[in-house]
Amino acid sequence: MKRNAKRVLSLFMTLCMLLGSIATLTTVSFAEEPLIQDYDTANDGDILYTVDFRMEDGVYTKHYVDDNGKQTYTFSEDGRKLTISDKAATGAACYSGYLKDFRITGHVYTISYYTECTDLANVRVAVHHYVETYADRKNNSGTTELYRLGLNTQKGKTNLINYIANGTNRENTANSVDRKVDADNNNRQYFKVVVDGVNLVTKYYAMDKTGAYALLGEVAIDSNIGYNSLVTGLFTYDTLVDGDVISLGDMTIAKGDAFKRTEKTAYEQKYDAAANGDVLYDVNFKADNAAGIQWGDLASSALLTDTSISEDGKTLLMNSATAGAQRISGFLPAREMIRYGSYTYEFFVDSGNRTGLNVLGFKTGTSAYGMGFCYFNTDSAIQFVAGGNFLKLGQMDKPLEDSYGRSQAISYVKNVTPDTSDPTKPNVKIEVDTKACVITNYLLIDGAFVKTAAIRYGGASHVAVVYPYAYNANTNASYSNMVIKKGLSVSGAEGVLVDISVNGKYTTSNPTLLADATLPVPAEKAYHTVVLTTMDGAPVTSLEQFTFQAGMNVLKLKAVYTPVAVKNNVELRGIQTSLTPNTENNTTSVRFIGAVDSLDFDAVGFNLYVVYKDQNGNVIETANEDGVNKGTSSVYGSVLAGVDAAVTATDLGTNYLYAVTVNNVPNGEGVQVDFYVVPYYVVNGETVLSYENEAVCSIVNGEYVKNAPAIG
């Protein structure tokens, strides 16, 4: 390789090629410790991030802030304490931000913080921890707002956990902890919140007077939460006058569940000891049943005029005299049942009218909510009946879908009802897959159990129920020989959820059932090939390469880009037209961007042959019939692409970029100028044209239109 003043190309690493200046190197200071600790490499209990409420660190970023001038937001010097004051009117005052790198699904976090409130008697204080999409709400950016969920409030005017529990209805959990209140520090109280994106549950803890943390309550996280990252902030609805303030401080986010149980419950031990197919509960409809089912926890409907139970408690007969929901309900004693293992309801049902069974529900006050399926109906429909966080309906011939919202009753007119010819055998099986949060209904049809519908549900706060109902008047329903068995007796395998990211960006807004998942296709990049790999660099061609466990799985992949080699040393790889055409003579400038793979040349450039056409396509002028060489001896690491952006040599898959500019290109309406472009290089005084890289580039109305990738 020869290098002398005449032969070596000058290398300018600059963003200002048009000005011909060399960029000044700037020293960048880095913090000694990163702001965020990587979740995958952290241990349980490690603090991943300490919240800086000033929204200046690039981690905690604006979600929704009431910037209406009706209250004042102030921060401590280190940004770790947020205070709201000077609020003269009632109404929501909210200050909240995204924690954009903290994805909920597949991850578990413990959030610790304190709140302060100078007037416990008259001011409500709430902190929220995650969100859900509501299409009719807009945030500060004008896009759909993510409605605040999981509002943990201070002991004082309210002592509640406020959350979305039944569709769009708000529900409250009363305070059950004698909390510590530090009167010397504006009535400071301490909290910890576990956001469990594996089991889909949020648990709220408050410090009691002994200094220990006690459970306030827990709520479900939707299995398809609208926005899949933590969002947290402080707000109140009350006035803050005469020096009153509320504050949120010292919020940290740690990996894992700080209150994770180490011992298993009696039910969990029983489940582990059982084999698949073993009976976990032999349902007895009598109040004093041996299984411990809590019948009458919610009273039987007054609309039931005639209900009888067989002597052995195995058969329930229901007779409804009036249209409407008529039911009796029983809660299974193990609350953890819907989060541990999976199980199947098997029973025989017969009815001449609309009848169904709920298998999942929860209580709010004196009301009951549940989900289930209707097996007999006047229109021969399979009906889904929902209350609470139930999502994703799927018909017998389709995968799970999300075309319906929550708390909707959906009918599938399939003209199928279970076979009732043999009452000694089950004709309905309902699988409850607690790993994937899916409930699937099967009916006995022509000697086989056929899937008729499926539901995706939320997480915790629900309980397993036996909740038979009849709806229409003069309905006679019979349920018998109901058992709940370990395992999924029809499908045989628990569902698998996958949450896939490529280069740190998740490919879907929510985790997907493996049966519906596809391998992501990486984004293309000009002049590069791309290969999908594991984080260790192993090529990935199919999801079948991986072994997934039942339930939630997080799969992190990389898209590895490799530059396409420059053909014959030089190649045209971009076109730019002037951002400021010359309006006086109606012309513009065109810049041709070339790629060169080494510095071993005297010069590089383009041979240009130009054809000028009017708006009717007539050739007005042909310039330089043999072409003209326009070259340069300077190359660059990047060039301007617009006012503030730059395109780098790496972006265009090469080592260096060069550019030549043609001025006074006609710019009239309909005018077309065609450039026949052949890249070349000069070595030892000889010009070598790379005809194999010839391109035709057209400028119409002053803008590049085809045959080369426009940049800028």
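The values are calculated or read from the model by the stated rules, or taken from the named source; none is laboratory data. Please read these numbers as outputs of a predicted model, since none were measured by experiment. With ideal geometry, Cβ positions are generated from the backbone for all residues, glycine too; neighbour counts draw on all protein chains shown. Surface areas here come from the heavy atoms of the whole protein model, side chains and all, with no ligands, DNA or RNA. Shrake-Rupley method; radii C 1.70, N 1.55, O 1.52, S 1.80 Å.
The rows are residues; the columns are (1) at pLDDT below 95; (2) under 22 Å from HIS107 (Cα atoms).
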| residue | (1), (2) |
| --- | --- |
| PHE191 | yes, yes |
| LEU230 | yes, yes |
| GLY243 | yes, no |
| LEU248 | no, no |
| ASP257 | no, yes |
If we ask which residues in region 439-456 are modelled with pLDDT under 90 and open to solvent by 40 Å² or more (accessible area, probe 1.4 Å), their number turns out to be 2
Across region 531-560, what is the number of residues that are without any contact (Cβ under 8 Å) to a residue 40 or more places away in the chain and either closer than 30 Å to ALA595 by Cα or touching a helix residue (DSSP H, G or I) at 6+ places or on another chain (Cβ under 9 Å) (or both)? 8
Sort out which residues of region 232-274 are in contact with a Leu (Cβ under 9 Å, 6 or more places away or on another chain), farther than 19 Å from TYR190 by Cα and of a type outside the set (Ser, Thr, Tyr), and write them in order of number. LYS270, ALA274
Note on TYR467: of the conditions (1) aromatic (Phe, Trp, Tyr); (2) modelled with pLDDT of 90 or more; (3) more than 27 Å from PHE548 (Cβ to Cβ), unmet is (2)
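Conditions tested, residue by residue: (1) at pLDDT below 90; (2) under 22 Å from ILE439 (Cα atoms); (3) surrounded by fewer than 20 Cβ atoms within 10 Å (Cβ to Cβ).
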{"residue": "GLY495", "(1), (2), (3)": "yes, yes, no"}
{"residue": "THR508", "(1), (2), (3)": "yes, no, yes"}
{"residue": "ALA515", "(1), (2), (3)": "yes, yes, yes"}
{"residue": "THR529", "(1), (2), (3)": "no, no, yes"}
Per the list (1) at positive phi; (2) part of a strand (DSSP E or B), residue check on GLY617 breaks on (2)
Among the residues of region 39-54 satisfying the criterion of being open to solvent by less than 80 Å² (accessible area, probe 1.4 Å) and not in a loop (DSSP other than H, G, I, E, B), which is farthest from LYS255 (Cα to Cα)? THR50
Out of all the residues in region 214-225, is one or more within 22 Å of VAL59 (Cβ to Cβ), modelled with pLDDT under 95 and open to solvent by less than 10 Å² (accessible area, probe 1.4 Å)? yes
Find all pairs meeting these conditions: Cβ atoms under 7 angstrom apart; at least six residues apart or on different chains; first residue within region 178-199 and under 27 Å from VAL496 (Cα atoms) and open to solvent by 30 Å² or more (accessible area, probe 1.4 Å); second residue assigned to a loop (DSSP other than H, G, I, E, B) and modelled with pLDDT under 90. VAL198/GLY106; ASN199/GLY459; ASN199/ALA460
Residues of region 536-564 being assigned to a loop (DSSP other than H, G, I, E, B), within 21 Å of the chain's Cα centre (by Cα) and surrounded by 12 or more Cβ atoms within 10 Å (Cβ to Cβ), which ones? PHE548, ALA550
Name the residues in region 72-116 that are over 30 Å from ASP499 (Cβ atoms), within 29 Å of the chain's Cα centre (by Cα) and open to solvent by 20 Å² or more (accessible area, probe 1.4 Å), would you? ARG80, LYS81, ALA92
